[in-house]
Each structure stands twice: as C-alpha cells, then as structure tokens.
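Derivation of every value follows stated rules applied to the coordinates shown; laboratory data play no part. Fair warning: this is a prediction, and the values are worked out from it, not measured in the lab. Backbone-built Cβ (ideal geometry, glycine too); neighbour counts: all protein chains shown.
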C-alpha cells in the first residue's frame, strides 16, 4: 500500500518539527580550498536551530564527530539538543539525500520515504553513501521505510501541508533523473508517496543552480495559501526573464481549494561570481525551524529588504539572517543543508 492509501502525508516545513537532520560537511571539492571557512556560520546555524528543536547530525566516523564537537564548542552551541549519528555520507546536502518524513496524525505514526538519489543527475559521484542515509535513519528510529524506486530530491518539491505541492519542470522532467517517466507518471508518484492532490509546475530555476532548477531557490510556501517568490529587478540580468515567467505562471495557478495563491515577491541579491561561475545565491533558500526562519544573506544591499519581507510573512517566528557568502560557494545554502523531521 502507498503512503496515501495508509493515511500518511508530508507536512509543510512550517508545521512543528521534532528535529532537524543535517550531514556534517566534509567534502572539500564542494567548497574547493574553502571548506574550513564555512564552519563558523554552519555552527551558528546549528546553534540557532537547536534553540527550538533537536538537531541530529550525520557524521562519517568518531574522528569527524570530535571535529564537529570542537567547532560547535567554539561557536558556543548548547549540546543538550544536539545528537550525532555514525551515518557515513559523501556530501553535506541533507535536503536532497536525507529522509523524507511522512506522518499519519490519526495513528500518531511516522514513516520515511527513501527516494533514489543520484547527485543531481550523476554530476558528483560517488553518492552511494548519501543514497543510503534515509534507510539508516529509519533503522535507528525504528520506523517503516518505503522505496518508490525513482529519483527525487527534497529541494525539488515544496508543500503547503494541505494537498498542494510546488515543483519545476526543469528539474523533475530532466532526462538525467527519471528518463523512463513522463510528467503524468511522475505526478502519480508524487500523489501516492507524498499524498498530495494538487501539483503545480513552474519552469526554469536560477542561473548557477547545478540541481537543474530546484524550487527551494525560487518559490516557497510560508503558509497554506501564500508563497514568496524571487524576482530580479534588473532587466539585463539573465535571471530576469525566467523569474518573470515563473511569476506569471504562479498568478495563473490555483490551490487545492481553487483559490488563487497569495504571492509575495522577494528580491534577488546582486550576482556572486566564483571562478567565472555565477553562484545560485537566493533569499528563497531559507530554513523554517521551530523558533527561527534562518535566511541566507550575501553582504548585499537587498539583504535587509529580504529579511523585512520575510518577517512580515512569519508572525510566529523571528526571521534572522546568516552570512552565506562562503557557504554559497558550495552551490547551496541553509535549506539545501537541512531536512526537517515533523512532530506526529
């Protein structure tokens, strides 16, 4: 039986969490020559999230655990809400390789969906350890795990928790993911395994996004009927046209109730370029924890504007900005690094 048939569904990120899952960064090729500089901000992220919920961190071995503890101690973290798991990984992007938690509120039960993971179309092998993380977590927590048998990444989907899922055709319909499936077949998987009834498709992602256009760099639900979506003000910027197209599309889409979506526009930071490559810097890559909404900032004139817009969207949480200037060199930020475990 599918999760949908069993009464399970994937809650919205703004629903209450019991924990946040992370995979400690250790792959130097993800931050070439710079991995050491990301740890202070990464530890600040952990420190903030752990103020409102548990933080569970996958580490490769005891040596990495000791290193992580040293970094966190230096950052002043409170270890009462931080736990380590000897779950070996290839890389740090837990949004995409981590466990997808579903809940059955009537039975007070959880399950994990272990989607296939191929490092965004086989771009960064090896990825076999990352692909195994959801099952390791399920074994530790002693919860059921299901295997749909297709590739799916957490950053490619966003939910309102009431039946609507947002995604992009540039990612989910990319032939480097599930070339044997068409859009209708992929929608059947989304419906059956996430228990959604209303699947909304946007187009292209932002320039520099090596995931082929994840939704979590573009458009995010902040409550059941409201999204924030990034727009580029500079008409000469290469992000201008695709983001305008997504905005136009959003205005035509409807929620599961048939209502129009409330749309709040977020600015984009100025281009950040590293080794002649445009990096996927976006304020939409925020993480909604129990206590804070942690937003990546980029030492940019639009940082404060983005934070103010998001604070108006989240009445029940404090919105904080954390410098993502170094972290974004890894081609992702706080949302890409984290995966929530909901309360059942």
Original post:
Looking at segment 249-331, what % of its DSSP beta bridges pair antiparallel, to the nearest 5?
Top reply: 45
**OP:** Among DSSP beta bridges lying fully in segment 3-342, give the percent that are antiparallel, nearest 5.
**Re:** 45
**OP:** Specify the residue with the greatest mean-square fluctuation among 115, 93, 31, computed from a Gaussian network of the chain linking alpha-carbon atoms under 10 Å apart.
**Re:** 31
Subject >> Model label zone, residue 270; criterion: amide N under 11 Å from point 7 Å along Cα-to-beta-carbon; scope segment 283-313 >> reply: 299-302
Original post:
Roughly how many whole Å is it from the C-alpha centroid of segment 55-108 to that of segment 190-269?
Top reply: 29
Original post:
Once every DSSP H run of n ≥ 4 in the chain is given -39500 (n - 2.57) and the sum is divided by its residues, what mean residue ellipticity at 222 nm do you get, rounded to the nearest 500 deg cm²/dmol?
Top reply: -7500 deg cm²/dmol
Original post:
How high is the relative contact order of segment 1-149, given as a whole-number percent (alpha carbon pairs under 8 Å, six or more residues apart)?
Top reply: 24
Original post:
If R0 is 25 Å, what FRET efficiency do you get for residue 318 and residue 34 from their C-beta distance, rounded to 0.05?
Top reply: 0.30
**OP:** Treat the count of other C-beta atoms within 10 Å as a stand-in for reagent exposure and order 5, 16, 341 from fewest to most.
**Re:** 5, 16, 341
**OP:** Provide the FRET efficiency to the nearest 0.05 for the residue 251-residue 142 pair, computing r from the beta carbons and using R0 = 51 Å.
**Re:** 0.65
**OP:** Return the label of the correct value of semi-axes √(5λ) of the Cα gyration tensor in Å, as calculated from the structure shown, out of [x] 26, 25, 20; [y] 36, 21, 20; [z] 33, 26, 23.
**Re:** [x]
Subject >> Footprinting exposure proxy for 41, 263, 215 (fewest neighbouring C-beta atoms within 10 Å first) >> reply: 263, 41, 215
Original post:
What is the order of 305, 4, fewest Cβ neighbours within 10 Å to most?
Top reply: 305, 4
Original post:
Over the chain, what is the relative contact order in whole percent, taking alpha-carbon pairs under 8 Å and six or more residues apart?
Top reply: 21
